[in-house]
Amino acid sequence: MIVLGIETSCDETAAAVVTGERAMLANLVLSQIADHAPYGGVVPEIAARSHVEHLDGLIARAMREAGLDFADLDGVAATAGPGLIGAVMVGLMTGKAIAAVHDKPLLAVNHLEGHALSPRLVAEDLDFPYLLLLVSGGHCQLLLVEEVNSYRRLGTTIDDAVGEAFDKAAMLLELGYPGGPAIERAAREGDPARIALPRPLAGRPGCDFSFSGLKTAVLHAVQALGALSDRDRADIAASFQRAVTDVLADRTANAIAVLRDSDVEPTALVVAGGVAANTEIRIRVESLAGCRGLALNIPPPRLCTDNAAMIAWAGIERLARGLVDPLDASPRARWPLDEDAGLAEGAGVPGRLGRKA
Ligand code: KG4
Ligand code: ZN
């Protein structure tokens with residue numbers, strides 16, 4: 001089985017060709033970071049226009065690298081949401097056009113399902129159900145991945161996503177965008193115990209997250225210090241990263257306990273999303289998984305951040321189960337994986353339509 005994957009939900013234009021035998025024949029990602037950096041975040045209109053400009057050429061390159069024609073494909077998988085609606089439309093419409101012209105099945109993939117299934121693209125032996133900590137610029141969720149197309153959300157953020165918190169803290173420290181790698185770099189020289197920051201919701205029951213109070217505490221620390229020295233920046237970055245790590249570990253430990261209380265034994269703990277690139281977080285979840293007797297699986301960075309190989313792979317998993325979509329499948333700005341999960345307790349109306357998944 002060979003599937004073309006297309007990903008355009010936010011600020012990466014991506015195309016990939018993947019086989020059912022887990023070979024990535026092509027996996028191309030064009031980042032728009034430079035286009036959005038002056039604004040400190042992703043600008044939806046710029047993202048959509050850039051996808052229009054680059055996607056056709058990128059797909060052609062991916063097919064060339066794979067050494068295939070469209071006629072050789074068994075399906076076309078495109079992200080249909082959640083994400084910036086204009087950006088999602090570009091990829092989905094392109095996928096539909098290729099599928100229609102070449103008479104191939106269309107797989108309208110949920111971007112979050114792409115992240116959720118991405119570890120199975122590299123780990124053949126990763127069986128369902130597994131616990132997924134999804135930490136990205138647009139999401140912070142704990143999900144039980146029960147099967148393809150079957151998810152139970154155990155917790156989500158009631159305000160900011162964790163990557164968004166990294167980006168905002170970095171902006172307050174004038175460290176640039178994207179903030180995660182910048183905070184991690186600055187934190188290397190810093191003292192994580194110097195600045196007292198809160199651990200929102202840690203120690204409380206449940207598996208939800210909250211990061212906006214932590215961001216406000218960083219703002220207050222910055223204001224209290226006045227003109228920041230490099231040492232101040234490093235110490236705040238290290239203190240912030242430690243606080244985030246403590247919160248992620250606390251909530252994940254609760255999720256493991258909640259599952260075991262209901263007699264569900266996950267086969268592994270999987271961490272995915274751009275924030276999974278963070279070394280302190282990786283080390284902490286590794287030790288948590290070890291303490292709880294759980295295998296840990298973190299996909300390689302190029303599969304953790306947004307990419308089209310994970311969309312092609314989700315397409316392959318869906319195609320194998322006959323989960324094909326009609327050519328009038330709609331693009332969706334919001335699309336929870338667990339449609340039955342309500343809003344997290346205390347959650348306000350999401351005001352982050354410009355964020356990614
Ligand atoms: O998964 P991703 O590439 O895009 C989506 O949001 O879907 O994640 C991007 C997010 C950004 O907020 C970025 O600041 C964060 O991941 N990030 C990191 C690191 N690398 C990227 N956060 C913490 N530490 C890092 N090393
Ligand atoms: Zn993503």
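Tabulated results
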{"item": "Rg in Å to one decimal, and Dmax rounded to a whole Å, for region 12-91 via C-alpha atoms", "result": "13.9, 42"}
{"item": "Three-way shape call for region 152-209 based on the alpha-carbon gyration tensor, with the a/c threshold at 1.5", "result": "oblate"}
{"item": "Computed over region 205-357, the ratio Rg/Rh where both radii use C-alpha atoms and Rh is Kirkwood", "result": "1.01"}
{"item": "Computed lengthening from A333 to R292, 0.36 nm per intervening residue step minus Cα-Cα distance", "result": "11.1 nm"}
{"item": "Relative contact order (%) - criterion: Cα under 8 Å, at least six apart; region: region 197-292", "result": "32"}
{"item": "Region 95-238: proportion of alpha-carbon pairs further apart than 26 angstrom, %", "result": "43"}
{"item": "Accessible area (Å², per residue) of region 103-147, counting only protein heavy atoms and a probe of 1.4 Å", "result": "23"}
{"item": "Within the accessible area of region 17-100 (1.4 Å probe), percent carbon and sulfur", "result": "56"}
{"item": "Average accessible area per residue (Å²) across region 1-49 - probe 1.4 Å, nucleic acids and ligands excluded", "result": "37"}
{"item": "Residues whose placed amide H lies under 5 Å from that of G273, excluding near-sequence neighbours", "result": "V135"}
{"item": "Cα gyration tensor shape of region 158-261, rounded if a/c is under 1.5, else prolate or oblate by comparing a/b with b/c", "result": "prolate"}
{"item": "Unit charges on C-beta of K, R, D, E only; dipole of the chain, Debye", "result": "640"}
{"item": "Residue order for V76, V122, V101, V222 - accessible surface, 1.4 angstrom probe, largest first", "result": "V101, V122, V222, V76"}
{"item": "Carbon plus sulfur fraction of accessible area for region 106-145, probe 1.4 Å, in percent", "result": "38"}
{"item": "Percent accessible area from carbon and sulfur atoms, region 157-278, protein chains only, probe 1.4 Å", "result": "52"}
{"item": "Over 28 Å [Cα-Cα, the chain], rounded percent", "result": "42"}
{"item": "Solvent exposure of region 202-243 as accessible area per residue, Å², 1.4 Å probe", "result": "43"}
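The values are calculated or read from the model by the stated rules, or taken from the named source; none is laboratory data. Owing to the predicted nature of the structure, the values given are computational and were not obtained by experimental measurement. Note: ideal-geometry Cβ built from the backbone for every residue, glycine included; neighbour counts use all protein chains shown. These area figures cover heavy atoms from the full protein model, side chains too; ligands, DNA and RNA do not enter into them. Shrake-Rupley method; radii C 1.70, N 1.55, O 1.52, S 1.80 Å.
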